[in-house]
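Notes for the one structure printed next.
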Amino acid sequence: MSMSMESIELDTSPAVVCRGVTKEFGSGDTKTVALRGVDLDVRYGETTLLVGPSGCGKTTLISIIAGLLYPTGGEISVLGHDLVRLRNGKLVNFRAKNIGFVFQQYNLLPALTAAENAAVPLVIAGEYRGRAVGAAKEILAEVGLEPRMNALPTQLSGGQQQRVAIARALIHKPKLLVCDEPTAALDGHSGQTVMQLLKRVAVQPDRAVIIVTHDSRVYRFGDRIVTMSDGLIESVEERAAEHEEAMAG
């Protein structure tokens, strides 16, 4: 009982905390202000959808949260770590261990099979190839690709390739999953299937999931909808009541 209560207590603190986060590109007459003071909490065990018009700062914000960009100002804590203080190799190691990425473009290596593609993060981390591929096959089975494990990317549909990309993002069991337009390159049915898969496989009590999307058809899969406008958070909508409906499809 004490272990269960302890785990619940740990999950109450946000996975991501942004306070007054700003980001500027360039200087002088060419300066562009992408973020103007963002305050945002992202919670464990939830899917947070980040929405808004093109150019509003969504991709910049998730790039800062994922440690791909440094903010110009403000404070950013991810999984209890101050990202501004993590530099060079420490930041690279932190990302490799704790963050998974899913992109609009699947970015699969064409000469590798589905299993080999999904195994790449573990191989890079130093795991033996055989063990890495074995782990990849297990997670590919979870995402419904057991019959296609040895297929090359060109032999897979767009939805199947995105499933491989999701498996690759989750294979090292990250505490934070960041998805940038994961359904944009898919038709409506495939997009719904991918979102159902993310809700079923990716969302865990000790993991936070952030998804940037322009696709209003997938809003029902979000526990929270965070709307951005002109570099600021415009609104935060709680949608936990729709969770079970989305899971059921």
Among all residue pairs at least 6 apart or on different chains, which show Cβ distances below 7 Å where the first residue, located in the range 1-28, is surrounded by fewer than 12 Cβ atoms within 10 Å (Cβ to Cβ) and the second is modelled with pLDDT of 50 or more?
-> GLY26/THR32
Filtering the range 76-100 down to residues that are of a type in the set (Gly, Ala, Ser) and under 14 Å from the mean Cα position of the chain (by Cα), which residue is surrounded by the most Cβ atoms within 10 Å (Cβ to Cβ)?
-> GLY100
Complete set of residues in the range 199-214 that are at pLDDT 90 or above, buried (at least 17 other Cβ atoms within 10 Å of the Cβ) and not in a strand (DSSP E or B) | ARG207, THR213
Among GLY126, GLY144, GLY134, GLY130, which is farther than 24 Å from GLN105 by Cβ and either surrounded by 13 or more Cβ atoms within 10 Å (Cβ to Cβ) or within 20 Å of the chain's Cα centre (by Cα) (or both)?
-> GLY134
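Hey, does the range 79-95 have a residue that's aromatic (Phe, Trp, Tyr) and in contact with a Leu (Cβ under 7 Å, 6 or more places away or on another chain)?
Filtering the range 79-95 down to residues aromatic (Phe, Trp, Tyr) leaves 94.
Adding the requirement that they be in contact with a Leu (Cβ under 7 Å, 6 or more places away or on another chain) leaves 94.
Yes: one or more hits.
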May I ask you to list the residues in the range 199-208 that are hydrophobic (A, V, I, L, M, F, W, C) and in contact with a Leu (Cβ under 8 Å, 6 or more places away or on another chain)?
-> VAL201, ALA202, ALA208
Expected output for the range 39-50 (first residue free of Cβ contacts under 8 Å to residues at least 60 places away in the same chain, partner not in a strand (DSSP E or B), Cβ below 9 Å, 6+ apart or cross-chain) is ASP41/PRO14; ASP41/ALA15
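Look at the range 221-241 and say how many of its residues are in a helix (DSSP H, G or I) and over 17 Å from the mean Cα position of the chain (by Cα). Don't jump to the end; show me each part of the working.
Within the range 221-241, the subset in a helix (DSSP H, G or I) is 221, 240-241.
From the residues that got through so far, the ones that are over 17 Å from the mean Cα position of the chain (by Cα) too are 240-241.
Number of matching residues: 2.
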For the range 45-87, what are the residues that are closer than 19 Å to MET195 by Cβ, assigned to a loop (DSSP other than H, G, I, E, B) and in contact with a Ser or Thr (Cβ under 8 Å, 6 or more places away or on another chain)?
-> GLY52
Within the range 149-163, is there a residue that is touching a residue at least 12 places away in the same chain (Cβ under 8 Å), buried (at least 22 other Cβ atoms within 10 Å of the Cβ) and of a type in the set (A, V, I, L, M)?
-> no
Residues located in the range 14-28, provided they are modelled with pLDDT of 95 or more and on the phi > 0 side of the Ramachandran plot = GLY20
Can you pull out the helices (runs of 4 or more DSSP H) entirely within the range 96-184 that have at least 2 residues that are within 22 Å of HIS214 (Cα to Cα), small (Gly, Ala, Ser) and in contact with a strand residue (DSSP E or B) (Cβ under 9 Å, 6 or more places away or on another chain)?
-> 158-170
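In the list ASN98, ASN117, ASN88, which residue meets the criterion of being in contact with a Lys or Arg (Cβ under 9 Å, 6 or more places away or on another chain) and farther than 20 Å from ALA151 by Cα? Reasoning before the result, please.
Values: ASN117 fails: farther than 20 Å from ALA151 by Cα; ASN88 fails: in contact with a Lys or Arg (Cβ under 9 Å, 6 or more places away or on another chain).
Step by step, each of ASN98, ASN117, ASN88 is checked, and only ASN98 is in contact with a Lys or Arg (Cβ under 9 Å, 6 or more places away or on another chain) and farther than 20 Å from ALA151 by Cα.
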Closer than 19 Å to ARG43 by Cβ, touching a residue at least 12 places away in the same chain (Cβ under 8 Å) and surrounded by 18 or more Cβ atoms within 10 Å (Cβ to Cβ) - does that describe any residue in the range 179-186?
-> yes
List, please: which pairs have Cβ atoms under 6 Å, are six or more places apart or on different chains, and start with a residue in the range 68-97 that is under 21 Å from PRO121 (Cα atoms) and end with one that is among the basic types (Lys, Arg) and surrounded by fewer than 18 Cβ atoms within 10 Å (Cβ to Cβ)?
-> LEU79/LYS175
Confirm whether ASN107 is on the phi > 0 side of the Ramachandran plot, under 21 Å from the mean Cα position of the chain (by Cα) and surrounded by fewer than 16 Cβ atoms within 10 Å (Cβ to Cβ).
-> yes
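The values are calculated or read from the model by the stated rules, or taken from the named source; none is laboratory data. Computed from a predicted model, the values in this text were never measured in an experiment. Note that we place each Cβ from the backbone using ideal geometry, even for glycine, and neighbour counts take in every protein chain shown.
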